[in-house]
Structure formats: C-alpha cells, structure tokens
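The values are calculated or read from the model by the stated rules, or taken from the named source; none is laboratory data. All of these numbers come straight from a predicted model, not from anything done at the bench. Here the Cβ is made from the backbone with ideal geometry for all residues, glycine too, and neighbour counts use every protein chain on show.
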Amino acid sequence: MKVDFWGHEFEVNMWVGCLGGFLIAIMSSMFGFGGGPFMVPLMTVALGLPMYIVVGSSLLAIFFNTAMGTVRHMQFGNFDLLLFLAMFPAALLGGYLGPQIAKRVSPQVVKRVACAGLLLLALNLLGVY
Amino acid sequence: MKVKFSVLPLLALVMMVLPIIPQAQAQETASAPTITLDKTSLANGGEITVSGQAPAGAQVYVEVYAADKKVRANRFDGKKDPKTGKIPYKFYLTHEMPAFYKILVPKDMAPELDKAKAAGKDWKYSEVLKKTGADAAYSAPAKIMIDSYQATIMASIIGSRGKLLDAMDEKATKSESMKLVKGRFRGVGKLLGANVETTPTGAYTAKVTLPAGQAPGKYNVTVTAVTERIKDGDKETVKKVKSESASFENKVSFPTVYLASAGTSINLIYPFILCLCISIFGVLMGAGGGFILNPILVTLFPLPHTIVAGTVMPTVLFSQGSGIYNYSKIKFINWKLGVGIGCAMLLGGFIGPKLTEMITLDQFKFAFGWILIVLAGLMFWQTTPGYLEKNKKEQAILKEFKKRAEEAAAKGN
C-alpha cells in the first residue's frame with residue numbers, strides 16, 4: 001500500500017503491519033495496557049517508516065484497540081467504576097505533570113532506570129524472588 | 001358465598017401441609033449446637049469470638065461467609081482429563097460466590113493445613129476439606145448457580161464464551177463450586193483455619209479473624225458439630241447437627257470503599273497515588289502506565305486480574321483521544337495508515353478481553369513477566385548509541401515537520 005505524508009510517498013507492507021497490530025492488540029487488550037512501546041518499533045523497524053509519520057498514526061491505531069478493548073471488558077463485567085474513578089483523575093494529573101518534569105530530566109537516564117525497574121518487576125512476577 | 005368457596009381450597013392445603021411439619025421436626029436429632037458471638041459489628045475487619053455448647057465429644061466446624069455481598073468467579077478447564085485423555089475446554093462462571101468464605105476446623109487439624117500449605121499453589125481444596133472433615137460444614141457455596149460453557153476454538157476466535165450447557169446437577173455443582181472457591185480465594189490460610197477449641201463437655205470457642213479489606217455488610221456464622229462418622233467400605237456416613245446461623249456486620253467507611261465487581265474493600269487513596277506516580281513515570285519513559293500499573297495492582301491489592309485489566313484500559317482512552325486531537329490539528333496523522341492498522345487492532349481488541357478471563361492470576365503474572373522483559377529490552381535498545389544517533393536525526397526532522405505543520409495550521413486560520 002502506498003502512503004502519502006507531507007509530500008513524501010512511502011511503501012507500506014500492510015500484511016506485516018496488520019498482523020503485527022493484530023497480535024499486539026490481542027496482547028494489550030488481554031493484559032490491559034496501551035501497547036505504544038510495541039507499536040512504535042513495529043512501525044519503525046518492521047515497516048521501515050520514519051518516526052514522524054509513526055508517532056501520530058500509531059496512536060490512532062492503538063486508539064481503535066483501546067476503545068474496542070474497553071467495550072469488551074465492560075461487556076464481560078471486568079470494569080469497576082469506583083476503581084476507575086480513583087485512577088482516572090490521577091492519570092489525567094499525571095499526563096499533565098509528566099511533560100513538565102520531562103523537560104528537566106534526561107530521557108536516557110529515565111529509560112535506563114525504567115529498564116532496571118521493569119526487569120525487577122518482571123523477575124518478581126516470574127516468581128524468581 | 002364467593003368468599004366461602006375461595007377459602008375452602010386454602011383450608012385443604014393447610015390440612016395437607018400440617019402433618020408434614022411434625023415429621024420434619026421428629027427427624028432432627030437431639031441437640032443442635034448453641035452459638036453466641038461476642039460482637040455484632042466490626043470496623044473494616046477484626047476479631048470475633050464464637051462460642052457455644054455442642055454435643056460432648058463432637059468435632060466442631062465453624063463456617064463464616066459474607067451473606068449479602070456476592071462476587072463473580074470463573075474458571076477455564078483446559079487441563080487434560082487423566083481418565084479420558086481429552087481436554088474438556090469448559091468455562092465455568094458464577095455470579096453468586098460469597099465475597100468472603102472461611103471454614104474453621106478443630107485445632108488438632110493444624111498439621112493437615114500445614115501440609116496443604118507446603119504443597120504450594122497446587123493444593124486441592126476438596127481434598128483438604130475431606131481430610132479435615134470440613135466437607136461436613138461446606139454449605140454456603142455448595143448451591144450457587146454456576147453456568148458452564150463449552151468453549152471451542154472458533155468461539156474463542158469470534159470472542160464468545162461458547163455454548164451455554166445445561167445446568168449441572170447438585171453433586172457436580174458442589175464439586176465445581178469447590179474449584180471456583182479455591183480459584184477465587186487461592187490461599188489455604190484464607191479458606192481454612194484450625195482454631196476451634198473444644199472441652200470434653202462439648203463447650204467450644206473459636207476466633208474468627210476477618211482481615212481488613214473485606215466486603216461490608218452482613219456475615220453469617222454457622223456451627224456444624226459432627227457427632228459420628230461411620231465408615232462402611234468406601235462410603236462414609238456423617239452424623240451431624242447444625243446450629244442456627246448467627247450474624248455480624250462489617251462496617252467500612254470512606255475513603256475505604258467496597259468494589260462490587262472485585263469483591264474487596266480498598267482505600268481509594270492508594271490506587272490514586274499509585275496511578276499518579278506511575279503515569280508521570282510513564283510519560284517520562286515514553287510507555288503507557290499500564291505496563292507497570294497492572295502488575296503492581298494485582299500484586300499489592302487483592303484485585304482479580306480481569307478487573308485490573310478492564311479498569312486500567314479505559315483510563316488511557318482520554319489521553320489517547322486528546323493526543324490524536326492534538327496531532328490531527330497539525331495534520332500529523334496519516335489516516336489511511338492509522339485506520340488500516342487500526343482495523344486489525346480492532347479485531348485483536350475484540351478477542352483479547354475474552355482471553356483475560358480464561359487464564360488464572362498466576363498465568364497472568366507469568367505472561368506479564370515475560371512481556372516486561374521484552375519491554376525492558378526495547379527500552380535498553382532505545383538507549384544504545386546506534387539508536388540515539390538515528391533518533392537524533394529523526395527527532396530533528398520531526399521538529400522541522402511540526403514547525404511547518406504548525407505554521408500551516410496558523411495560516412489556515
């Protein structure tokens with residue numbers, strides 16, 4: 001499929017994109033997370049697209065998944081309104097404060113810290129300690 | 001005249017019922033245990049002492065359960081049946097599981113419970129009930145309404161639970177209810193306790209400990225005294241007498257609230273703070289908070305993984321929506337590409353939530369562990385020099401394009 005973006009034309013292998021997106025969507029809606037960190041590498045590495053086309057378009061693709069996942073979870077009775085009401089304002093506030101703090105810290109350092117933290121959490125979940 | 005005729009059949013009915021009542025009373029054996037509670041209400045958990053008089057020499061069991069708060073419990077049976085060698089692929093679902101359930105057994109049964117604890121996650125509730133004799137007291141969940149579905153691969157693909165099967169008989173319901181109870185409450189210590197003390201005369205005392213974070217409302221306590229167990233080959237006849245049920249009230253006050261679909265009470269301040277910290281950190285590292293929030297929520301709080309996944313997902317809808325709006329304002333979204341891949345993701349999102357309820361909490365944690373390892377790998381890759389070099393160029397282009405887009409948008413206005 002040919003995609004036009006700001007005067008540049010890109011050739012996109014939609015088979016790879018759709019299959020990857022489909023699998024990521026199953027995983028992310030099953031476990032209840034966004035899936036952005038998996039979608040961005042899929043579109044930049046596997047589809048070979050430049051970052052500037054990926055940021056917005058991947059968000060749009062993920063939005064479809066989140067919306068559908070939300071509806072389905074509600075249908076299966078997995079949604080708790082009170083817990084949602086406690087977390088939703090916190091997520092909004094976090095989304096507002098986050099970028100302000102982001103200006104003051106180095107993204108490399110944050111990512112290294114996150115990497116260590118994720119590994120620790122993962123080992124905990126796998127029952128290693 | 002009319003009145004007289006309508007009274008007649010009623011009278012006949014009463015006369016038919018009357019002889020039955022004395023019979024039922026006659027069948028009841030001598031002395032049912034008495035039951036007294038030292039408190040009638042608790043504030044978000046606490047301890048209550050149950051005492052009374054049971055027949056001398058009887059084994060005394062105390063059953064405690066949340067009487068008016070019920071929760072959902074489900075189980076997917078994907079294990080090979082050792083007898084037939086077939087995988088049943090059945091999905092069991094109930095909405096009537098008591099939000100709290102515990103049986104206290106005589107003190108001398110403690111070694112049995114320790115053995116079950118030593119067996120780890122794979123302990124069998126029905127076996128322990130049998131060994132401790134507590135199956136005589138197992139009654140509240142035994143008659144819950146359980147729906148069973150025959151799941152097929154095709155049904156899973158279209159995201160359905162499968163075909164609803166006929167209702168199970170009493171025995172099958174009881175046996176399945178035990179599996180659901182175990183799946184819901186998991187720990188040996190949560191379901192059973194060995195602290196009923198009896199004196200030779202039959203006076204008993206037991207301490208009921210209700211942990212914090214349980215459902216509010218009415219709790220029922222019943223005492224079952226087993227006077228005799230007659231073994232006849234494989235068959236065991238249990239002679240038992242049951243007390244009337246006593247009850248107490250568990251009170252929970254704000255900010256601790258009861259989450260009906262999760263079946264637990266929780267102080268809302270904790271998830272708020274947790275979510276705030278994690279979403280800030282999520283923005284910094286460029287990954288949504290769900291990756292960290294979900295595993296922490298299921299680890300720290302007694303929340304089912306289905307509820308966690310289903311509740312965290314909608315919290316990001318708004319931020320994603322506003323992100324899309326901001327990008328679309330500067331025409332930074334390729335709709336063809338986004339909608340194209342989005343359609344595939346729509347399908348995936350349709351199937352995923354169905355799979356959440358088919359796995360157990362342990363499987364959820366295990367799979368999540370591996371996902372996080374992959375994510376950590378991706379994060380690390382994004383800090384390697386090669387990636388940074390490439391990213392620098394990309395970011396420069398992105399900035400340039402954004403500037404142009406903003407200018408174009410400004411001109412348009």
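Could you tell me which numbered condition B:Thr383 fails, if it satisfies all but one of (1) part of a helix (DSSP H, G or I); (2) within 7 Å of chain A (Cβ to nearest Cβ); (3) more than 36 Å from the chain's Cα centre (by Cα)?
(1)
Kindly indicate whether any position in the range B:347-364 is surrounded by 15 or more Cβ atoms within 10 Å (Cβ to Cβ), more than 30 Å from B:Ser148 (Cα to Cα) and free of Cβ contacts under 8 Å to residues at least 12 places away in the same chain.
No.
Does B:Ser160 meet the test of being of a type in the set (Gly, Ala, Ser) and part of a loop (DSSP other than H, G, I, E, B)?
Against the criterion (of a type in the set (Gly, Ala, Ser) and part of a loop (DSSP other than H, G, I, E, B)), B:Ser160 qualifies.
On the given criteria, is A:Gly48 part of a loop (DSSP other than H, G, I, E, B), more than 7 Å from chain B (Cβ to nearest Cβ) and at pLDDT 85 or above? Spell out the reasoning first.
Numbers: part of a loop (DSSP other than H, G, I, E, B): yes; more than 7 Å from chain B (Cβ to nearest Cβ): yes; at pLDDT 85 or above: yes.
For A:Gly48, the condition - part of a loop (DSSP other than H, G, I, E, B), more than 7 Å from chain B (Cβ to nearest Cβ) and at pLDDT 85 or above - is met.
Residue-wise test of (1) surrounded by fewer than 24 Cβ atoms within 10 Å (Cβ to Cβ); (2) assigned by TED's automatic domain parsing to the domain that holds B:Thr360.
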site: B:Tyr258; (1), (2): yes, no
site: B:Ala262; (1), (2): no, no
site: B:Leu284; (1), (2): yes, yes
site: B:Ala287; (1), (2): no, yes
site: B:Ile324; (1), (2): yes, yes
site: B:Lys329; (1), (2): yes, yes
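Can you confirm whether B:Ala56 is out of contact with any strand residue (DSSP E or B) (no Cβ under 8 Å at 6 or more places or on another chain) and surrounded by fewer than 17 Cβ atoms within 10 Å (Cβ to Cβ)? Don't jump to the end; show me each part of the working.
Values: out of contact with any strand residue (DSSP E or B) (no Cβ under 8 Å at 6 or more places or on another chain): yes; surrounded by fewer than 17 Cβ atoms within 10 Å (Cβ to Cβ): yes.
For B:Ala56, the condition - out of contact with any strand residue (DSSP E or B) (no Cβ under 8 Å at 6 or more places or on another chain) and surrounded by fewer than 17 Cβ atoms within 10 Å (Cβ to Cβ) - is met.
Name the single residue that is nearest to B:Ser279 (Cα to Cα) among those in the range A:92-118 being more than 8 Å from chain B (Cβ to nearest Cβ) and among the polar types (S, T, N, Q).
A:Gln100
Out of all the residues in the range B:38-53, which are outside any loop (DSSP other than H, G, I, E, B) and surrounded by 17 or more Cβ atoms within 10 Å (Cβ to Cβ)? I'd like the intermediate steps shown before the answer.
Residues of the range B:38-53 that are outside any loop (DSSP other than H, G, I, E, B), as a first pass: B:41-43, B:46-53.
B:Leu42, B:Ile48, B:Val50, B:Gly52, B:Gln53 - these are the residues of the range B:38-53 that are outside any loop (DSSP other than H, G, I, E, B) and surrounded by 17 or more Cβ atoms within 10 Å (Cβ to Cβ).
Return the total of residues in the range B:347-361 being closer than 16 Å to B:Ile307 by Cβ and assigned to a helix (DSSP H, G or I). Working first, answer last.
Let us first name the residues in the range B:347-361 that are closer than 16 Å to B:Ile307 by Cβ, namely B:352-361.
If we keep only those that are assigned to a helix (DSSP H, G or I) too, we end up with B:352-356, B:361.
Counting residues in the range B:347-361 that are closer than 16 Å to B:Ile307 by Cβ and assigned to a helix (DSSP H, G or I) gives 6.
Of everything in the range B:242-292 that's more than 7 Å from chain A (Cβ to nearest Cβ) and of a type in the set (Phe, Trp, Tyr), which residue is nearest to B:Gly217 (Cα to Cα)?
Restricting to residues being more than 7 Å from chain A (Cβ to nearest Cβ) and of a type in the set (Phe, Trp, Tyr), the top hit is B:Phe248.
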